[in-house]
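**Student:** My questions all concern the structure below.
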Amino acid sequence: MARSRPLAPAARHGVRASCVVVTPGPWPDLLDFFCQRFVSISADIWQARFASEDILDAEGHVARATDAATAGRRLYYYREVPDEPTIPFLEEVIWHDENLLVVDKPHFLPVVPSGKHVRETLLARLQLRLDLPDLSPVHRIDKDTAGLVMFTVRPADRNAYQALFRGRQVGKVYECIAPWNPALVWPMHRESRIGDPEHFMQQAEVPGEVNAITDIAPLEVAGDWARYALRPLSGQRHQLRVHMNALGLPILHDGIYPVLTPEGANDYRRPLQLLARSLEFIDPLSGVLRRFESRRTLMPLAEVPPVQPHRPNPAEPGA
């Protein structure tokens with residue numbers, strides 16, 4: 001009989017414990033192991049976490065900084081980010097039953113903890129606010145994108161809902177605002193391969209077998225700009241942003257495509273004009289057709305300034 005995996009400690013303040021397994025090495029104790037394993041975190045911080053009893057083993061016992069670094073020992077620790085910035089926008093619960101939670105996410109809020117965001121994430125906020133420690137996202141959207149995100153309430157139900165996304169059985173519709181080009185043929189069925197370019201933050205269309213498919217259609221046109229419906233038929237990272245940029249139609253206020261802006265340079269006055277508008281699927285547990293719609297909106301086209309013509313810099317060739 002297979003041995004069951006130890007349960008992680010309960011979440012604290014809506015934040016789950018992270019896990020690390022001690023690897024063989026020259027470290028004499030756990031403090032030295034953590035300092036060598038996570039070189040970007042100072043020894044003082046690890047010492048404080050040990051002293052605060054924030055590091056536990058798989059049996060729930062408090063680990064000590066002076067404990068021997070026994071290879072294979074599973075340890076859990078609680079992450080904290082000093083001076084974590086508050087994201088001043090609130091999520092809205094659209095649906096909540098015993099199996100499923102659907103939430104309307106604001107722009108700028110990450111779905112799960114990563115980097116400089118731990119407590120200020122959709123998952124941590126909801127676990128704390130709704131007292132749902134086992135809450136887990138079924139899928140994710142970028143922190144810059146607003147709109148619908150679906151969670152399972154119970155671990156036993158997660159795979160059934162994730163299978164819908166793996167099997168492309170979820171109808172997903174996004175909206176965006178981007179430049180208008182009447183010379184292109186509309187509606188458009190975009191197929192390409194998306195892969196990694198030189199910078200890890202960006203994706204790009206590359207040669208090879210198709211792995212990204214999006215249907216794109218204009219909903220409204222006003223001058224230089226249009227509001228588009230985007231229906232992704234696959235789920236590659238940044239797929240919609242990459243496809244629109246590859247068409248020469250980068251989404252309004254995109255800080256990654258075509259030009260990558262410095263990390264942390266969020267301008268709350270200029271949210272990415274991309275919205276996860278709706279989700280539709282047959283519920284795998286009840287057999288009922290589910291359809292959820294975001295209550296958020298993008299900016300009106302009438303408020304988008306005209307595209308400014310490019311004026312050559314005197315230093316440019318041919319200027």
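The values are calculated or read from the model by the stated rules, or taken from the named source; none is laboratory data. What you are looking at is a predicted structure, and each value in this text was computed from that prediction instead of being measured. Glycine gets a Cβ as well: all are built from the backbone with ideal geometry, and neighbour counts include every protein chain shown.
**Student:** Could you list all residues from region 223-243 that are among the hydrophobic types (A, V, I, L, M, F, W, C) and either closer than 14 Å to W186 by Cβ or without any contact (Cβ under 8 Å) to a residue 24 or more places away in the chain (or both)?
**Tutor:** A226, A229, L230
**Student:** Condition first: assigned by TED's automatic domain parsing to the domain that holds L272, part of a loop (DSSP other than H, G, I, E, B), under 29 Å from L164 (Cβ atoms) and of a type in the set (K, R). Can you find one or more residues in region 218-230 that meet it?
**Tutor:** no
**Student:** I would also like to ask the following. Can we say L132 is of a type in the set (A, V, I, L, M) and in contact with a strand residue (DSSP E or B) (Cβ under 8 Å, 6 or more places away or on another chain)?
**Tutor:** The answer is yes for L132.
Conditions tested, residue by residue: (1) touching a His at 6+ places or on another chain (Cβ under 6 Å); (2) farther than 25 Å from P284 by Cβ; (3) not basic (K, R).
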residue	(1), (2), (3)
V118	no, yes, yes
Q127	no, no, yes
V153	no, no, yes
R166	no, no, no
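**Student:** Something else about it: Determine whether F33 is in a loop (DSSP other than H, G, I, E, B), surrounded by 12 or more Cβ atoms within 10 Å (Cβ to Cβ) and aromatic (F, W, Y).
**Tutor:** Judged against the criteria, F33 is not a match.
**Student:** In region 247-284, what residues are touching a Cys at 6+ places or on another chain (Cβ under 7 Å) and of a type outside the set (A, V, I, L, M)?
**Tutor:** Q273
**Student:** Now for a different question. Testing E53 on (1) charged (D, E, K, R); (2) at pLDDT 85 or above; (3) under 24 Å from P137 (Cβ atoms); (4) surrounded by fewer than 18 Cβ atoms within 10 Å (Cβ to Cβ), one condition comes back false. Which one is that?
**Tutor:** (3)
**Student:** Quick check: anything in region 101-115 surrounded by fewer than 19 Cβ atoms within 10 Å (Cβ to Cβ) and among the small types (G, A, S)?
**Tutor:** Yes.
**Student:** For region 212-222: of the residues being surrounded by fewer than 17 Cβ atoms within 10 Å (Cβ to Cβ) and out of contact with any helix residue (DSSP H, G or I) (no Cβ under 9 Å at 6 or more places or on another chain), which is farthest from H189 (Cα to Cα)?
**Tutor:** L219
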